[in-house]
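Undergrad: Got a structure for you, questions after.
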Amino acid sequence: MSFSSTLISWYEANKRDLPFRGTRDPYLIWISEVILQQTRMEQGLGYYRRFVQRFPDIHSLASGTEEEVLKLWEGLGYYSRARNLHTSAREIMERMDGVFPQTYEEIRKLKGVGEYTAASVASLAFDESRAAVDGNVYRFLARYYGFREPSGSASGKKLARMKAEELIDNSQPGTFNQAMIEFGALVCTPVNPSCNGCLFNTSCYAFIHRVIREIPVKPRPDQIRKRFFHYLVITWESPDGARILLNKRTGNDIWKNLYDFPQIETPRIVSLTRLMKSQEWRNLFGDLHPVVSAVSTQFIHILSHQVILAKFYRILLEGPIECPGTIVSLEELASLPVPRLISRYLQKCFS
Ligand code: SF4
């Protein structure tokens, strides 16, 4: 049996039962691929189900607000993926009469769609013979052929794609791609792959040469940036109940279009006394001398290339202050999209 026939037979017998398996709907495939990128399957499935329940097709996604899309995405991270899905759905409605593009090249033009996602959708929905290489496939191929290019490198990706395109079954490219991903996820796993029972162990370079732990070669770690955030949780009582001041993040930084609190960022840890003397504090409060009623412990929030060290300062005022921001009630706050760091603080310390 050829490589692809062996693989596909294994897949048919061992594949997991996932809600998007078997669909030919390019919209559902697209959503599942975007949600599951850089996300554990167990975590991603809940998000997928909730997302397609609220937005079952392109039309409903395009008609929703970005805020609603971000709210459903809350906690998943990489929020640009959610914004891009929404932008692309609107583009499909406005420029393509609501018809999902049907070729790899056209799908690739959608905002935020990379080679992997375009190949997955084109092969699964439209039988286009394009190899989809994600981290699972890369690991499997790198070990099988003995590549030493670091995973994530442009040369490594190109090599893996070329090899996958040599192996692909042109009569069922979507099934082949799913089988490759599933094999990487279930058998050729990052740690302790099941080599002894593996169908490919007699021809696998890494198994034969006993270099499984060395392949795939890890990329050099990027410089991790440490950032120090001081969040000012400003509240006051109004005739209609408690109000809180929020900041909508509009700049070109993390968490664009999500809500957090007015924030002062410092290059290192500083004391509250020093913070209160900063220009940012004076800009916010002018001549007022607000009392800080509680200071949280430090929250550590890890992102792919940054570590955020955050503290939250509770400030109860007698009324609103003159400054840019969004004033909401606590009920309204619960319906707005916020970064996971903020929801962790709200759950732990805010009542
Ligand atoms: S023998 Fe081991 S390393 Fe090689 S493909 Fe199979 S599971 Fe992966």
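Undergrad: Please find the FRET efficiency linking Ile327 to Glu265, where r is the Cβ-Cβ separation and R0 is fixed at 35 Å, and quote it to the nearest 0.05.
TA: Given R0 = 35 Å and the Cβ-Cβ separation, E is 0.95.
Undergrad: Let me ask something additional. Looking at the chain, send over the antiparallel percent of its DSSP beta bridges, to the nearest 5. Don't skip to the answer; put the middle values down first.
TA: Details: 21 of 33 bridges.
Of all bridge pairs located within the chain, approximately 65 percent are antiparallel.
Undergrad: Counting Lys and Arg as +1 and Asp and Glu as -1, what is the net charge of the other residues whose Cβ lies under 14 Å from the Cβ of Arg282?
TA: Net charge around Arg282: -1.
Undergrad: Okay, moving on. Can you tell me the dipole magnitude for the chain around its Cα centre, using point charges on the Cβ only (Lys, Arg +1; Asp, Glu -1), in Debye to the nearest 20?
TA: Dipole about the Cα centre, nearest 20: 1460 debye.
Undergrad: Picking from Pro262, His305, Ala294, whose Cα lies most toward the positive end of the charge dipole for the stretch 225-349 (charges on Cβ: Lys, Arg +1; Asp, Glu -1)?
TA: Most positive-ward Cα: His305.
Undergrad: Further, regarding this structure: Which residues' amide hydrogens lie under 5 Å from the amide hydrogen of Gly98, considering only partners 5 or more residues apart or on another chain, with H built in the peptide plane?
TA: Excluding prolines and chain starts, which carry no amide H, the hits are Met93.
Undergrad: What whole-number distance in Å separates the alpha-carbon centres of the stretch 271-345 and the stretch 234-262?
TA: Spelled out, the Cα-based centre of one part sits 9 Å from the other.
Undergrad: Semi-axes of the equivalent ellipsoid of the chain: what are they in whole Å, largest first, if each equals the square root of 5 times a C-alpha gyration tensor eigenvalue?
TA: 46, 25, 16
Undergrad: Using the per-residue mean of other Cβ atoms lying within 10 Å as a proxy for protection, in what order, highest first, do the peptides 250-260, 136-146 fall?
TA: Ranking, from highest mean packing down: 136-146, 250-260.
Undergrad: Length gain on complete extension for the stretch Asp97 to Lys111, per 0.36 nm per residue less the alpha carbon to alpha carbon distance?
TA: Gain in length upon complete extension: 3.3 nm.
Undergrad: Could I ask something else about it? Short version: ³J(HN,Hα) in whole Hz for each residue of the stretch 94-101, in order, from phi by Karplus 6.51 cos²θ - 1.76 cosθ + 1.60 (θ = phi - 60°), x for Gly and Pro, what are they?
TA: 7, 9, 10, 6, x, 9, 5, x
Undergrad: Number of Lys-Lys pairs in the stretch 3-214 under 23 Å by Cα, sequence gap 8 or more or different chains?
TA: Lysine pairs, 8 or more places apart or on different chains, close enough: 6.
Undergrad: Follow-up. Just want the answer: with Cβ charges of +1 for Lys and Arg and -1 for Asp and Glu, which residue in Gly251, Ile58, Ala122 is farthest toward the dipole's positive end in the chain?
TA: Of Gly251, Ile58, Ala122, it is Gly251.
Undergrad: Using θ = phi - 60° and the Karplus curve 6.51 cos²θ - 1.76 cosθ + 1.60, what whole-Hz ³J(HN,Hα) does each residue of the stretch 211-216 get, with Gly and Pro shown as x?
TA: So the Karplus estimates, Gly and Pro as x, are 10, 4, 5, 8, 10, x Hz.
Undergrad: Which length gain, in nm to one decimal place, applies between Arg16 and Met1 when the Cα-Cα distance is subtracted from 0.36 nm times their residue separation?
TA: Gain on extension, Arg16 to Met1, equals 3.1 nm.
Undergrad: Please give the contour-minus-distance gain from Gln347 to Ile208: 0.36 nm per residue of separation, less the Cα-Cα distance, rounded to one decimal in nm.
TA: Working: separation 139, 0.36 × 139 = 50.04 nm, distance 5.13 nm.
Stretched fully, the Gln347-Ile208 segment lengthens by 44.9 nm.
Undergrad: Give the peptides 14-27, 231-244 in descending order of average Cβ contacts within 10 Å, highest first.
TA: Descending packing order for the listed peptides: 231-244, 14-27.
Undergrad: Next up: With unit charges on the beta carbons (Lys and Arg positive, Asp and Glu negative) and the dipole taken about the Cα centre of the chain, which residue among Ile321, Phe285, Val99 sits farthest to the positive side?
TA: The residue sitting farthest along the positive end of the dipole is Phe285.
Undergrad: Turning to a different aspect of this structure: When only Cα pairs under 8 Å and 6 or more residues apart are kept, what is the percent relative contact order across the stretch 152-289?
TA: On the way: 83 pairs, mean separation 19.1, N = 138.
Relative contact order here is 14 percent.
Undergrad: Can you give the charge dipole size of the stretch 225-349 about its Cα centre, rounded to the nearest 20 debye, using +1 on the beta carbon of Lys and Arg and -1 on the beta carbon of Asp and Glu?
TA: Details: 16 positive and 11 negative charges, 169 e Å.
Around 820 debye, computed over the stretch 225-349.
Undergrad: Using alpha-carbon positions, what is the distance between the centroids of the stretch 99-142 and the stretch 19-76, in Å?
TA: Result: 17 Å between the Cα centres.
Undergrad: Which whole-Hz ³J(HN,Hα) couplings does the stretch 54-62 yield from phi under the Karplus relation 6.51 cos²θ - 1.76 cosθ + 1.60, θ = phi - 60°, glycine and proline marked x?
TA: Going residue by residue, I get 7, 10, x, 8, 4, 4, 5, 5, 5 Hz, with x marking Gly and Pro.
We did not get these values from a lab; they are worked out from the coordinates using the rules stated. A quick note: this is a predicted structure, and the numbers were derived from the prediction, not measured. Backbone-built Cβ (ideal geometry, glycine too); neighbour counts: all protein chains shown.
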